[in-house]
Structures are given as C-alpha cells and as structure tokens.
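Participant: Pasting in a structure now, in structure tokens, and then I'll have a few things to ask.
The values are calculated or read from the model by the stated rules, or taken from the named source; none is laboratory data. Predicted model, so just to flag it, every value in this text is computed and none were measured. Here the Cβ positions follow ideal geometry from the backbone for every residue, glycine too, while neighbour counts run over all protein chains shown.
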Amino acid sequence: MLFCDQHMSYKTRKKAILILADGTKFFGKSIGPDGTSFGEICFNTGMTGYQEIFTDPSYFGQLMVTTNAHIGNYGVFKDDAQSDGIKIAGLICKNFSYEFSRPLADASLENYFNVNDLFGISDVDTRALVNYIRENGAMNAVISTDIDREEELIKELSEMPSMEGLELASKVSTKEPYFVGRPDAEFKVAALDLGIKTNILRHLSERNIYVKVFPYDTSFEEMQKWEPDGFFISNGPGDPDPLHHAQDLAREIIKNNLPLFGICLGHQIIALANGIPTYKMFNGHRGINHPVINLDTGKGEITSQNHGFAVDKAVAEFNKEFEISHIHLNDQTVAGLKMKNKNCFSVQYHPEAGPGPNDTIYLFDEFYQNIKNHSSKQVQPI
C-alpha cells in the first residue's frame with residue numbers, strides 16, 4: 001500500500017487487521033514497526049491531547065481508538081507527556097499524520113512510536129468501530145500485520161484475561177520512592193502511585209507542596225515515617241478490587257482522620273475501603289468534555305475522564321459516612337464522594353486535565369486548604 005501526505009514522499013505500509021473478541025474484524029494499514037498487540041479496546045473522544053492520552057498510565061493494557069479523524073498533525077512535545085513513555089498497548093485511528101506543523105513540537109508522532117516501539121493501525125473505519133463498541137461494550141482485541149495468522153491470533157485472543165479482576169497498578173507504579181517539588185515547601189504530601197500522571201504532581205507542587213511518591217503496595221506505617229501533612233491516592237489502570245494493600249492504606253488514613261484526596265482509581269479505592277463496591281462499566285468514560293454537576297454548588301463542570309470502572313451509586317447513597325458530591329450528567333454515575341465526618345474526598349474524573357479543561361482544578365486548592373486547616377489544629381497553644 002502507498003501513502004502520501006502533503007510535502008512528503010510516498011510510504012510503503014503493510015495491510016493490518018483488528019480482530020475483536022467476538023470475531024468481528026476491521027482492516028487498515030500499519031503505523032510504526034510491524035507487529036501484533038493485544039489489549040482491551042476502548043475509545044477516547046478528545047479532539048486534542050493525543051500525546052497526554054497515549055502516555056497516561058491509566059490506559060496501560062488498552063488498545064486506544066481515537067474518534068478524532070486526524071492524529072499526529074501537531075507532533076509531540078516532551079512537557080506534554082504524562083509519564084516516562086507511551087502506556088497504551090496500541091493505537092487504532094482513521095488518519096495518521098506523518099508530518100506535523102507545531103513549532104513547539106520536538107518530533108513527529110511516528111518517531112515517538114518508533115522510540116517507544118509502539119504498533120498501531122490507521123485507515124480504519126473508526127466511526128463504524130466506535131458504534132460497534134458502544135452497542136456491544138468494551139472487549140479484548142488484537143491488532144496485527146500478521147494477516148495470514150488469523151486463526152492463531154483468534155486463539156491467543158481467546159486466552160487473554162478480562163480487565164475485570166485484573167491488577168495492573170504494579171505494572172506502572174514506581175519501584176522506588178521519589179520526590180517532586182521543593183523540600184522547603186509549606187506542606188508535605190505522601191502520594192501512593194497506582195499510575196500517577198505528571199500533571200497531578202505539577203498541580204500539587206504548584207501549591208507549595210513537597211510530594212514523596214511511594215510504590216503501589218506501600219503501607220501506612222512506611223508512609224507515616226516521613227511525617228506527611230496529607231495523603232494522595234492516584235489514578236491508574238485495571239480493576240481496583242484486587243488492590244488490597246491500597247484499600248488497607250486508605251482505611252488507616254481515614255481512621256486517623258488525616259487529609260486524603262483520591263483521583264479516579266484512588267476514588268474507587270477509597271470507596272472499596274469503606275464497603276462501597278465498584279463494577280465494570282459497559283463502555284466506560286474516556287474523553288475531555290464529560291459534563292459533571294457539583295451537588296454542593298449546583299454548577300456544571302466540564303471534565304476530563306478516563307475510567308472503565310465506577311462506584312456503586314445505590315450503595316454509596318445509603319452509606320451514612322459518605323455523601324455524593326458530584327454526578328456525571330450523561331448517565332448519572334457517581335463522579336465524586338466526600339466523607340461527612342472525616343478529612344477525605346475523591347473524584348472519579350481528572351481535575352488535573354492533561355488533556356482537558358481546567359474547570360475543576362479548584363479541587364487541588366480544596367485539598368491544600370484541608371491540609372492547612374488540619375495542620376493548624378495540630379499546633380498546640382503556648
């Protein structure tokens with residue numbers, strides 16, 4: 001196959017195939033190195049921010065379908081990355097741009113894929129594919145240039161584990177603790193890394209907070225040795241249910257009434273730690289324009305979202321220790337929780353954006369204020 005883009009020479013590209021777990025097939029052309037990649041297929045509706053999406057650890061193990069028709073047209077920029085490299089398992093798109101026109105860009109998306117050894121396919125009818133996923137739900141899939149190995153690919157695909165019950169935080173979490181921010185900052189926050197995004201750390205450090213990031217299975221006792229002023233549980237991939245260490249940590253923080261903030265997977269961990277179950281969604285929410293209502297203010301907020309699991313709303317409503325703070329306006333799922341008598345709150349979406357709107361960055365200010373109020377109470381009068 002020959003491909004031509006403006007101001008560039010022709011490229012020879014191999015035929016490629018996408019096979020869904022139910023046997024449905026779509027066809028396209030290869031991007032990047034030839035190969036095969038397995039994962040749970042999902043789609044993101046964002047019109048911009050592909051680099052941030054591809055490097056978000058929450059997408060680990062997933063094949064990403066982009067609904068925007070053009071991907072790669074503004075290249076990549078090092079400061080836009082949300083982790084140390086691409087985390088998606090593969091890309092499926094309509095049009096892939098080999099040329100880019102952004103002066104700030106460091107390189108093309110093609111080069112970024114090659115450096116990260118990522119395989120993808122383009123020229124796929126993504127409108128038909130997304131409609132199919134909407135109607136049939138998220139499922140495992142495979143993309144490959146080995147189009148003559150269909151039977152073998154289908155057999156391997158059938159042996160893939162479901163995302164439900166799958167623990168993936170250990171695959172993306174730091175192996176050793178590290179620090180972000182100024183050591184002389186006003187407050188210290190211990191962050192549990194389940195797949196933390198760079199933009200979260202930026203927002204915390206911008207609020208005069210020194211952050212120590214801990215591995216996913218760190219205990220409360222270990223974190224407490226650092227004497228933090230507050231705690232944070234991050235976003236991340238996979239099912240929250242198997243993360244028992246994180247749930248135990250959340251219970252201890254709440255038991256001691258220490259300031260705690262959770263985002264996305266962290267939000268689900270806090271719910272599970274308090275007996276509120278989670279469930280796998282039919283499709284999940286992935287995009288940068290999801291409408292949420294803040295039940296305290298009555299104001300609507302446009303949010304960035306990326307999750308395939310959610311908190312059980314019916315159980316949350318009857319839990320006497322919690323109140324629902326935010327609701328997703330598209331399907332009425334729980335978008336935020338806060339405890340009535342403890343210094344703890346969480347949201348299902350991404351207030352740090354990266355990519356997306358900044359409607360909800362005030363939540364980092366609220367966390368800062370919670371820490372400040374708690375710290376002032378600890379100061380004993382002379």
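Participant: Name the residue that is surrounded by the fewest Cβ atoms within 10 Å (Cβ to Cβ), counting only residues in the range 258-279 that are farther than 12 Å from Val334 by Cα and among the β-branched types (Val, Ile, Thr).
Facilitator: The residue in question is Ile263.
Participant: Quick check: is even one residue across the range 88-99 of a type outside the set (A, V, I, L, M, F, W, C), in contact with a His (Cβ under 7 Å, 6 or more places away or on another chain), over 19 Å from Ala353 (Cα atoms) and not in a strand (DSSP E or B)? Quick ask: steps written out before the conclusion?
Facilitator: Taking the range 88-99 as the starting set, the residues that turn out to be of a type outside the set (A, V, I, L, M, F, W, C) are 90, 94-95, 97-99.
With in contact with a His (Cβ under 7 Å, 6 or more places away or on another chain) added as a condition, the list becomes 95, 97, 99.
If we keep only those that are over 19 Å from Ala353 (Cα atoms) as well, we get 95, 97, 99.
When the remaining residues are screened for being not in a strand (DSSP E or B), the result is 97, 99.
Yes.
Participant: Another question about this same structure. Would you please name the residue that is nearest to Arg202 (Cα to Cα), looking only at residues in the range 350-382 that are among the β-branched types (Val, Ile, Thr) and modelled with pLDDT of 95 or more?
Facilitator: Ile361
Participant: Moving to a separate point now. Quick check on this structure: which one of Ser304, Ser325 is among the hydroxyl-bearing types (Ser, Thr, Tyr), part of a strand (DSSP E or B) and in contact (Cβ under 8 Å) with a residue 40 or more places away in the chain?
Facilitator: Of Ser304, Ser325, the one residue that is among the hydroxyl-bearing types (Ser, Thr, Tyr), part of a strand (DSSP E or B) and in contact (Cβ under 8 Å) with a residue 40 or more places away in the chain is Ser304.
Participant: Got a number for residues in the range 170-193 being surrounded by fewer than 17 Cβ atoms within 10 Å (Cβ to Cβ) and either among the basic types (Lys, Arg) or outside the structural domain of Leu260 (by TED's automatic domain parsing) (or both)?
Facilitator: 3
Participant: Which of the residues belonging to the range 53-80 are closer than 19 Å to Phe26 by Cβ, β-branched (Val, Ile, Thr) and in a loop (DSSP other than H, G, I, E, B)?
Facilitator: Thr67
Participant: Something else: Residues that are modelled with pLDDT of 95 or more, surrounded by 23 or more Cβ atoms within 10 Å (Cβ to Cβ) and out of contact with any strand residue (DSSP E or B) (no Cβ under 6 Å at 6 or more places or on another chain): does the range 310-329 have at least one?
Facilitator: no
Participant: Pairs, please: C-beta under 6 Å, at least 6 apart or cross-chain, first residue without any contact (Cβ under 8 Å) to a residue 12 or more places away in the chain and in the range 77-99, second among the basic types (Lys, Arg)?
Facilitator: Listed by first residue and then by second, the contacts come to nothing, as the list is empty.
Participant: So which residues in the range 267-302 are more than 26 Å from Tyr50 (Cβ to Cβ) and within 19 Å of the chain's Cα centre (by Cα), if there are any at all?
Facilitator: Answer for the range 267-302, where residues must be more than 26 Å from Tyr50 (Cβ to Cβ) and within 19 Å of the chain's Cα centre (by Cα): Ile269, Ile270, Ala271, Leu272, Thr278, Tyr279.
Participant: Same structure again: Looking at the range 280-297 only, could you name the residues that are farther than 15 Å from Ala310 by Cβ, of a type in the set (A, V, I, L, M) and surrounded by fewer than 16 Cβ atoms within 10 Å (Cβ to Cβ)?
Facilitator: Answer for the range 280-297, where residues must be farther than 15 Å from Ala310 by Cβ, of a type in the set (A, V, I, L, M) and surrounded by fewer than 16 Cβ atoms within 10 Å (Cβ to Cβ): just Leu295.
Participant: Given Ile196, Ile253, which one is surrounded by 24 or more Cβ atoms within 10 Å (Cβ to Cβ), at pLDDT 95 or above and more than 21 Å from the chain's Cα centre (by Cα)?
Facilitator: Residue meeting the stated conditions: Ile253.
Participant: How many residues does the range 266-292 contain that are under 22 Å from Glu221 (Cβ atoms) and out of contact with any helix residue (DSSP H, G or I) (no Cβ under 7 Å at 6 or more places or on another chain)? Can you show your working first?
Facilitator: Narrowing the range 266-292 to residues under 22 Å from Glu221 (Cβ atoms): 266, 269-270, 272-274.
The next check asks that each one be out of contact with any helix residue (DSSP H, G or I) (no Cβ under 7 Å at 6 or more places or on another chain); those that pass are 266, 274.
Residues that pass the stated criteria total 2.
Participant: Name the residues in the range 202-233 that are touching a strand residue (DSSP E or B) at 6+ places or on another chain (Cβ under 6 Å) and closer than 23 Å to Gly308 by Cα, would you?
Facilitator: Passing the criteria: Phe232, Ile233.
Participant: Condition first: surrounded by 14 or more Cβ atoms within 10 Å (Cβ to Cβ) and at pLDDT 95 or above. Now tell me which residues in the range 119-128 satisfy that.
Facilitator: Gly120, Ile121, Ser122, Asp123, Val124, Thr126 - these are the residues of the range 119-128 that are surrounded by 14 or more Cβ atoms within 10 Å (Cβ to Cβ) and at pLDDT 95 or above.
Participant: Name, by its number, the condition in (1) under 25 Å from Lys280 (Cβ atoms); (2) small (Gly, Ala, Ser); (3) in contact with a strand residue (DSSP E or B) (Cβ under 9 Å, 6 or more places away or on another chain) that does not hold for Ala353.
Facilitator: Only one criterion in (1) under 25 Å from Lys280 (Cβ atoms); (2) small (Gly, Ala, Ser); (3) in contact with a strand residue (DSSP E or B) (Cβ under 9 Å, 6 or more places away or on another chain) is unmet by Ala353, namely (1).
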